[in-house]
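What follows is a short report on a single structure.
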Amino acid sequence: MKYFKLPDLGEGLQEAEIVEWHIAQGDEVSEDQTILSVETAKAIVDLPAPQAGKIVKLFGQPGDIVHVGDPLLEYDAESDDSGTVVGEMSGPSDDNAVQEDDFIIGSAHDDADLPAPVRERSAFSGGTPLKGVQRVMAKNMSRAHAEVVSVSIHDDVDIHAWQSGEDPTMRLVRAIAAACLAEPGLNTWYDGERMAVKQHEHIDLGIAVDTPDGLFVPVLRDIAGRDRADLRKGLNALREAVNTRKIPPEEMRGATITLSNFGTMAGRYANPVIVPPMVAILGAGKIRRQAVATDDGIEAHRVLPLSLSFDHRCVSGGEAARFLAAVMKDLGQP
C-alpha cells in the first residue's frame with residue numbers, strides 16, 4: 001500500500017483545508033488526475049494524483065485541516081516510483097498521542113482548582129474552529145499585530161471637481177500610483193528581523209474584496225504603467241475570479257501596498273491593518289456631502305474621507321503625510 005501525503009505548497013505554507021474530494025474509495029485513478037481540492041492562502045488548489053492506482057482509503061472530510069506531510073489517501077500503486085507517495089506508514093503509538101492540554105469538556109477537576117486561562121479555554125470548548133479564508137485572516141492579523149508598529153493619519157478630500165459618473169475605485173488606484181511615485185518609501189517591503197527595506201520598481205496594489213466567505217486581497221499589477229480602461233478590466237477579472245473561487249494563488253501574492261475601499265458599505269474613518277512585509281495601506285470611507293466654505297459662500301460638496309496606516313519602523317511621519325497629501329492632490333483634480 002502507498003500513501004499520498006499533502007505536498008509542500010510553497011510560500012512557507014504548512015497547512016490546508018480539504019474542500020472537495022473528486023474521487024471515492026474503490027476508484028481507479030490515473031496519473032495527474034485531479035483527486036481533491038484544498039484551500040490555502042485564500043486560494044483553492046487542485047491536487048493531482050502522482051501516479052496511477054486504486055483508491056483504498058481517504059483520510060479527512062471536507063472542512064478538515066491537514067498539514068504538510070499528513071496522509072491524504074491510501075491506494076494500491078502500479079509502481080514504487082511515487083514522488084509524494086511514500087512507503088508503508090505505521091500508526092502513531094499511544095506514547096505519541098496528541099493531548100488537548102486540559103481543553104476538555106467534562107473535566108474531572110473542579111473548575112475552581114484550575115488556572116484562570118485553563119478555565120477560560122475549558123468554558124469555550126464548544127466553539128467552532130476558524131477555517132479557510134477566516135483562518136488565514138486570523139493568522140495574518142495576529143502576525144501584523146505582533147510585528148508592525150502601525151500609525152494612522154486621517155483627512156478628507158473635496159471631490160467636487162469630479163465629472164459625473166467617475167469611478168471612485170479607479171480614481172483611488174490612480175491617486176495611489178501618483179503618491180507612490182512621489183513618496184516611494186511607502187511602496188516597499190520591510191524585513192523586521194534584518195532591519196532591511198526592499199524598494200519596488202512596480203506598484204502592485206492589493207485590493208481588499210469582501211465576499212460571503214471572507215476577505216480576499218487580489219493584486220492589481222503595475223498600476224502606474226497601465227491606463228484606466230485596462231486597470232478596470234483587470235480588476236473586474238480579479239473580482240470575478242475571487243467570487244467564483246477560481247483565482248490562481250499567484251494572483252494573491254506580491255502586493256506592495258494595499259487599498260481598502262470599505263466606504264462602499266459604511267464607515268468614515270478606520271485604522272487599516274498593514275500585513276507585513278508591506279508598510280502601508282490606504283482606507284477610503286463613505287463619500288458624503290458636506291458644507292464647504294468657498295469664495296462664493298457656503299456650498300455642499302462631495303467629500304471623501306481617507307485613512308492611511310503606515311509602519312513607523314521604516315516610514316516617517318513626514319513621508320506618510322506627504323504621501324497622503326499626494327493622494328489628496330490627485331483625487332481633488334477633475
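Taking Cα centroids, how far is the stretch 135-164 from the stretch 243-258 in Å? Distance between centres, Cα-based: 18 Å. Taking label points 7 Å from Cα along the Cα-to-Cβ direction, Thr294 and Met141 give a separation of 4.2 nm. Anything over 27 Å Cα to Cα? Flag those among Lys198/Lys286; Lys54/Lys131; Lys139/Lys198; Lys233/Lys329, in the order listed. Going by Cα-Cα distance, Lys198/Lys286; Lys54/Lys131 fall outside the 27 Å limit. Derived scalar couplings between HN and Hα for the stretch 198-203 equal 10, 8, 9, 6, 9, 9 Hz in order, rounded to whole Hz, by the Karplus curve 6.51 cos²θ - 1.76 cosθ + 1.60 (θ = phi - 60°), x for Gly and Pro. Once backbone amide H atoms are built at 1.01 Å from N, Leu36 has His22, Leu47 as its partners under 5 Å, excluding neighbours fewer than 5 places away on the same chain. With a Förster radius of 30 Å applied to the C-beta separation of Met265 and Glu201, the computed FRET efficiency comes to 0.35. Convex hull volume of the C-alpha atoms in the stretch 195-334, normalised per residue: 142 Å³. Other residues within the sphere of radius under 11 Å centred on the Cβ of Pro129, judged by their own Cβ, net out at 0 (K and R +1, D and E -1).
Each value in this text was obtained by applying a stated rule to the coordinates, not by laboratory testing. Keep in mind it's a predicted model, so treat the numbers as computed, not measured. All Cβ positions, even for glycine, are placed from backbone atoms using ideal geometry, and neighbour counts span all protein chains on display.
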